[in-house]
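Everything below concerns the one structure shown next.
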Amino acid sequence: MGDTIHPEPVDLEAAIGFQFRNRDLLIRALTHASHRGESGQERVPQADNEQLEFLGDAVLGLIVSEYVIRMCPDFDEGRLSNVKSRLVNRAHLANVARSLRIGEHLVMGKAEDRSGGREKASLLANAAEALLAAVYLDGGLEPVRRIVLTHVIAGEDMRALATASMNNIKTNLEIIARQRDLPKPEYSVRAEHAGYPQAFVAEVRVGKDFSASGRGRSKKNAEMEAARNLVLHLETAAGRDC
């Protein structure tokens, strides 16, 4: 297989509407860990996009949370969390990355490239987060907010997302458990008496190795939050395996 000629990063800058002053940040955001590992060089955290992915996840979460609170002031914590989870999850971010053609710009090892790395949802989602972090470090929060509003949030119906998430998150967890040959999720809920208004704490467990907790003002919201947290954990773990 010959070397593929990929678009210049300037095309990606045009797509997101941001021009980097420090282009090293852009290149780093687009560099997968497999590139340096395959070269035989010692891997250092600053050489690929994993640290930027960590920062980008936090920046994205802040912007999405702020937006949902502003647009839906009547949402309780459970509905806010459900909408946020739909906007920042791996599947949605991978689709955002595909729309921006981020995969075409990625720098990765040949083995990863041959195995279809440019289309892996987890790798694309990670690169999208890393790109947001790079923009944040180069230009601050405002250009990141513009990118998120334009490419991550635009066109999404917050109330429809909330309803879909509330209805589907426990079903999604059951599907993931079945796909991995894991037992059916089991829930336990207890009242939390420390504050007012009364809250509930739920724990969901899938087999002996996977569990998560959630808190809400009703038993249903607490179970939903626990399920959401476990789905995110399982998706993240799957991303590390890809």
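Here are some notes:
- Restricting attention to the range 1-47, the residues that are in a loop (DSSP other than H, G, I, E, B) and either modelled with pLDDT of 85 or more or small (Gly, Ala, Ser) (or both) total 10.
- Residue match in the range 152-166 (condition: hydroxyl-bearing (Ser, Thr, Tyr) and over 19 Å from the mean Cα position of the chain (by Cα)): yes
Residue-by-condition table, conditions (1) surrounded by 17 or more Cβ atoms within 10 Å (Cβ to Cβ); (2) more than 17 Å from the chain's Cα centre (by Cα); (3) within 25 Å of residue 172 (Cα to Cα):
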{"position": "65", "(1), (2), (3)": "no, no, yes"}
{"position": "82", "(1), (2), (3)": "yes, no, yes"}
{"position": "86", "(1), (2), (3)": "yes, no, yes"}
{"position": "93", "(1), (2), (3)": "yes, no, yes"}
{"position": "104", "(1), (2), (3)": "no, yes, no"}
{"position": "113", "(1), (2), (3)": "yes, yes, no"}
{"position": "124", "(1), (2), (3)": "yes, no, yes"}
{"position": "132", "(1), (2), (3)": "yes, no, no"}
{"position": "137", "(1), (2), (3)": "yes, yes, no"}
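- Residue 167 at pLDDT below 85 and over 26 Å from residue 58 (Cβ atoms): yes
- Which listed residue is closer than 23 Å to residue 215 by Cα, at pLDDT below 90 and assigned to a helix (DSSP H, G or I), from 80, 60: 80
- Helices (runs of 4 or more DSSP H) wholly inside the range 94-187 that include at least 3 residues being not assigned by TED's automatic domain parsing to the domain that holds residue 84: 158-179
The values are calculated or read from the model by the stated rules, or taken from the named source; none is laboratory data. Computed from a predicted structure; not experimentally measured. In this analysis, Cβ positions are derived from the backbone assuming ideal geometry, glycine residues included, and neighbour counts consider all displayed protein chains.
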